[in-house]
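Okay, handing you the structure first.
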Amino acid sequence: MSLEEVQPGTAADGNGLVLWVPAIADPSKPKVSELTGSGVEKLTYGLTPDGFAHDTTVATITSGRYTLAQTLELDGVITDTVEVKYVWQGSEEDGVRNVLTPGTKGFIVKRMALPNGTEVAADQLVTVIPVQCSIQRDVPPAANTELQKIQKLNVVGEVRRDVKVVAGP
């Protein structure tokens with residue numbers, strides 16, 4: 001028996017993009033123009049190395065059958081959470097802090113596996129997360145670190161995973 005082929009991977013370094021998008025008409029089919037239009041902000045390099053936490057949990061429903069000696073499982077409720085941590089200067093020029101104003105609704109769009117500088121284009125895969133910005137909290141300062149803020153982004157709609165960007169006006 002021969003070994004299976006090793007599936008190639010993609011390095012995470014430099015291959016990611018996180019956008020703030022104020023409006024998307026159909027989150028299952030985000031348009032290039034929506035992801036590059038007015039009000040769209042690139043957040044990636046304002047975030048700290050551990051500053052983008054999009055976590056997904058799936059509750060498990062257990063079920064049984066008459067005389068079956070094994071418990072069965074089904075997917076239950078899906079819960080997505082998003083929290084960001086970013087650097088800040090304490091000035092009017094603060095990028096991420098000024099974009100993620102508490103109470104503001106919009107979308108976080110995450111693209112992986114392509115260099116950060118690659119222009120958004122049709123057929124790229126993205127995850128679209130509808131959010132409302134919660135309060136901005138200070139991260140306690142420590143020696144030899146930059147000042148930082150942390151912020152929960154409340155998920156307020158269905159998360160669309162690995163959807164294709166579509167061409168369009």
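Read the figures in this text as sums done on the coordinates, not as results from a lab. Quick caveat: nothing in here was measured; it's all calculated off a predicted structure. Using ideal geometry, Cβ is built from the backbone for each residue, glycine included, and neighbour counts are taken over all protein chains shown.
Which of 67, 127, 44 moves the most in a Gaussian network model of the chain with Cα springs under 10 Å?
It is 67.
Could you name the lysines whose alpha carbon sits less than 24 Å from that of residue 164, not counting residues in the same chain fewer than 8 places away?
Residue 164 reaches 29, 31, 42, 105, 110.
Place the peptides 53-64, 93-104, 24-35 in order of packing, highest mean first, counting for every residue the other Cβ atoms within 10 Å and averaging per peptide. Please list the in-between numbers first.
Numbers: 53-64: 11.2, 93-104: 15.2, 24-35: 17.3.
Answer by packing, highest mean first, reads 24-35, 93-104, 53-64.
Based on the inverse mean of 1/r over its pairs of different Cα atoms, what is the Kirkwood hydrodynamic radius of the chain, in Å?
Values: mean 1/r = 0.0550 Å⁻¹.
When all Cα pairs of the chain are included, the Kirkwood radius is 18.2 Å.
Express the relative contact order of the stretch 16-164 as a whole percentage, based on alpha carbon pairs under 8 Å and six or more residues apart in sequence.
Working: 301 pairs, mean separation 40.3, N = 149.
Reported as a whole number, the value is 27 percent.
Run the simple label-point estimate for residue 44 and residue 61 please: 7 Å along Cα→C-beta, distance reported in nm.
3.9 nm
Testing the spin-label approximation: label points 7 Å from Cα along Cα→Cβ at residue 74 and residue 93. State their distance in nm.
In this crude label model, residue 74 to residue 93 measures out at 5.7 nm.
Continuing with the same structure: Specify whether the C-alpha gyration tensor of the stretch 99-169 places it in the rounded, prolate or oblate class, a ≥ b ≥ c being the square roots of the eigenvalues: rounded for a/c under 1.5, otherwise prolate if a/b is larger than b/c and oblate if not. Write down the numbers at each step before the final one.
Values: a/c = 2.92, a/b = 1.62, b/c = 1.81.
Oblate, because a/c is 1.5 or more while a/b does not exceed b/c.
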